[in-house]
Structure formats: C-alpha cells, structure tokens
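For reference, the structure is listed below as structure tokens.
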Amino acid sequence: MRWLITGGCGFIGTAVVRDLAAAGGHTVRVLDNLSVGTRTDLSAASAFEERETDGMRWPDRDAQAPVELVVGDILDEHLVLEAALGAEVVLHLAANTGVGPSVADPRADCTANVVGTLNVLEGARHGGARRLVFASSGAPVGECEPPIHEECVPHPVSPYGASKLAGEGYCSAYFRTFGLETVALRFGNVYGPGSQHKSSVVARFIRQALDGETLEIYGDGRQTRDFLYIDDLVRAVRRAAEAGGIGGEVFQIATSTERTVAELVETLLPLLRARGVGDVAVRHGVARLGDVRRNYSDTTKARRRLDWQAQVSLREGLERTVAWFVAGERGELA
C-alpha cells in the first residue's frame, strides 16, 4: 500500500516506517516539520529520499529507498492536500503531545491538534485515501472509574484531552458524511527503543538516570497508567490499516493492566543497575495540573474486532528499552 505518515520522523512514526520497510511491498511518504524527530531518526529506520514540496510523486515500490521525506507542517493545508494525493492509507501521528504543553499553551495545542487534524482529514478525503488511522489517547475520557472502554462518556481534564476528543469527533464525522474510513486508536502510555525525544515518564526517567539526575515523581506515585511497548503498538496500527468493517470506530490500544508510577520505578531501577547505572535517587514533586489519577484500558473491542492484544510484558519491554538507551549512551547503536 501507499502510506502517508504525518509526524513520521517521531518515535511511533519511525517504528511504523521500520516495520513497513522490513515487510516490503509498501511505499511510504513521511510528512514532518522536524520539530521533534529528525532526518537522522528516520534514517535509522529506513533509507529514504527527501523530496521538494513541489511536484511530489510516489516512489516506486521496488525502489532502493521506497520511503520519502517531505519537510512541512500539517497546518499548511495546501501542502497536506498535495502530500495526500494518491495515498491509500493515511496514518496521522503529527500532533502537539502531552498534558503539560497543552496547559501551558491551550491555543497552540488546539491549533495543532484540531486544525491540523482537519487539514489531514481533508487531504485524505480529496486525495482518495481508503483509510485514515488517527492517533488518539485515553485523555479524551478524562477522569472516570477505570478500566477505560470505548463507551465511556468523555470528560476531558486537560486541553490536550479536549483537542484529541475533537479529533475523534472529526474522524467520526468524516466517516459518516464523506465515507472516509477513519479509525481512531487511543494509545496507552507508549514506550520503547527510539523514544529519546519523548517526554513521557519511561523515557524521561531513563534519560535522567543516565545523566545522573534525580528521578522526579509527580505527586505520591500512586497515579496509574497502562504502559504499552512500541512493537505491540505497531502491530495495532497495521491491523487498524488492514482490518475490514471498522470505519468510524474507536479502539483502546493498551495492555489492560494498571500500573502505578511507583511500580514502574521499582521495576526500572534494578534493570538500570544491571546495565551499570546505579545510585539513582528518587524524589516526589508536586502533582501536575490536568493529570488523570487512574488510567488503564479494557481492550476487549480490539481483541474482538482487530484480532489484536499486547504481547510484551512491562519488565521485558523496559529491559529492551534500557538496553537501547544505554547502548546509545555508549555509542554502540548502529
């Protein structure tokens, strides 16, 4: 298939690019403004060619580098329309991510996540895409008694949750009004190799430990999350792009396991010590505005409709992630 991946130089995007390149037979166009991910990050996933924004054409499926990079922003509606022309699947990952930035600048969060998503939906619609997969999260639901499931009534706590809920709403509308097969995936707290730019808790803790800094837990550490390993997420994206009869649907993509941040630290510290990173201090700071107290998902619908469930345990995933970060710190990554 021909894939357009917005935000494809980021953590999740490069993981999907790597998987598609390894599978063979796909052509991939990455649209990224390089505000977080870099050309180097993309090159670690696959060989690619950079294209000018004028006169874009899809690479041949059997080309030496069936991946191309177009540097640009999803807020440029004309560029998005051109980039999406001829794509069969659009994977929309580009976004303002995280609660903190949305609290600091709600308008910027809305512009990127609502207007940007509208531009990508318009590009997919006019470009003839069969399906659009939208990266959402548990944030639209907000505070509720977990596990979160697709029928929970949304009550966003943060501007980020509100902007992602708006994206889900537009996806639903574009399916029902225009027939574009949209699928919204509410990702758990994704971690794994390649997350060096990510600000979420696993990557932040590992970076702090490697830098000899104190790990800061916001609040008492009893807040819970559903930690999902990157390889499991990539499989979910592939299933969402390929499965039939799921247009307009929303899926919780997580492990169905509730873990506290304190538990995460208790699992992480021995794995760091085993790699020579010891004497890691931990402290508790103030709780963050907009953070949900408890968050984990019921993934029954994904098992039933996508034939998908998470396979990598938290300990195994953290061990792989720590090994990758330590190898990078030592200059051992290829």
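The values are calculated or read from the model by the stated rules, or taken from the named source; none is laboratory data. Being a predicted model, the structure only gives us computed values, none of them experimental. Heads up, the Cβs are rebuilt from the backbone with ideal geometry, glycines too, and the neighbour counts pull from every protein chain shown.
At-a-glance table
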quantity	calculated
Subset of segment 91-107 (residues that are more than 19 Å from the chain's Cα centre (by Cα) and assigned to a helix (DSSP H, G or I))	Val103, Ala104, Pro106, Arg107
Members of segment 304-333 that are touching a helix residue (DSSP H, G or I) at 6+ places or on another chain (Cβ under 8 Å), assigned to a loop (DSSP other than H, G, I, E, B) and at pLDDT 95 or above	Leu306, Asp307, Trp308, Gln309, Ala310, Gln311, Val312
Some residue of segment 102-119 being surrounded by fewer than 24 Cβ atoms within 10 Å (Cβ to Cβ), free of Cβ contacts under 8 Å to residues at least 24 places away in the same chain and not charged (D, E, K, R)	yes
Subset of segment 202-231 (residues that are crowded, with 20+ Cβ neighbours inside 10 Å and within 18 Å of Ala323 (Cα to Cα))	Val202, Ala203, Phe205, Ile206, Ala209, Phe227, Leu228, Tyr229, Ile230
Residue that is within 25 Å of Ala112 (Cα to Cα), within 12 Å of the chain's Cα centre (by Cα), in a helix (DSSP H, G or I) and of a type in the set (A, V, I, L, M), where the choices are Leu233, Leu228, Leu165, Leu185	Leu233
Flag if Thr177 is among the hydroxyl-bearing types (Ser, Thr, Tyr) and either within 17 Å of the chain's Cα centre (by Cα) or buried (at least 22 other Cβ atoms within 10 Å of the Cβ) (or both)	no
Residues that are more than 18 Å from Ser297 (Cα to Cα) and in contact (Cβ under 8 Å) with a residue 24 or more places away in the chain, drawn from segment 251-268	Ala262, Val265, Thr267, Leu268
Residue pairs meeting the criteria (Cβ under 8 Å; at least 6 apart or on separate chains; first without any contact (Cβ under 8 Å) to a residue 40 or more places away in the chain, in segment 8-26; second among the charged types (D, E, K, R))	Gly25/Arg61
Of the criteria (1) modelled with pLDDT under 95; (2) touching a Cys at 6+ places or on another chain (Cβ under 6 Å), which one Glu52 fails	(2)
Where Met1 falls short, out of the listed (1) of a type outside the set (D, E, K, R); (2) touching a helix residue (DSSP H, G or I) at 6+ places or on another chain (Cβ under 9 Å); (3) surrounded by fewer than 24 Cβ atoms within 10 Å (Cβ to Cβ); (4) modelled with pLDDT of 95 or more	(4)
Qualifying residue in segment 130-146 (condition: in a loop (DSSP other than H, G, I, E, B), farther than 30 Å from Asp291 by Cβ and over 20 Å from the mean Cα position of the chain (by Cα))	yes
Of all residues making up segment 16-52, the number that are in a helix (DSSP H, G or I), touching a Ser or Thr at 6+ places or on another chain (Cβ under 9 Å) and either of a type in the set (Phe, Trp, Tyr) or within 28 Å of His78 (Cβ to Cβ) (or both)	5
Flag for Arg239 being within 20 Å of the chain's Cα centre (by Cα) and over 30 Å from Leu121 (Cβ atoms)	no
Unmet requirement for Arg293, which otherwise passes all of (1) at pLDDT 95 or above; (2) in a loop (DSSP other than H, G, I, E, B); (3) of a type in the set (D, E, K, R)	(1)
Selection status of Ser199, surrounded by fewer than 20 Cβ atoms within 10 Å (Cβ to Cβ), of a type outside the set (Phe, Trp, Tyr), in contact with a Gly (Cβ under 6 Å, 6 or more places away or on another chain) and under 30 Å from Gly127 (Cα atoms)	no
Among residues of segment 43-93, those that are in contact (Cβ under 8 Å) with a residue 40 or more places away in the chain, charged (D, E, K, R) and in contact with an Asp or Glu (Cβ under 8 Å, 6 or more places away or on another chain), counted	2
Members of segment 239-285 found to be surrounded by 14 or more Cβ atoms within 10 Å (Cβ to Cβ), basic (Lys, Arg) and either touching an Asp or Glu at 6+ places or on another chain (Cβ under 7 Å) or part of a strand (DSSP E or B) (or both), listed by number	Arg239, Arg259
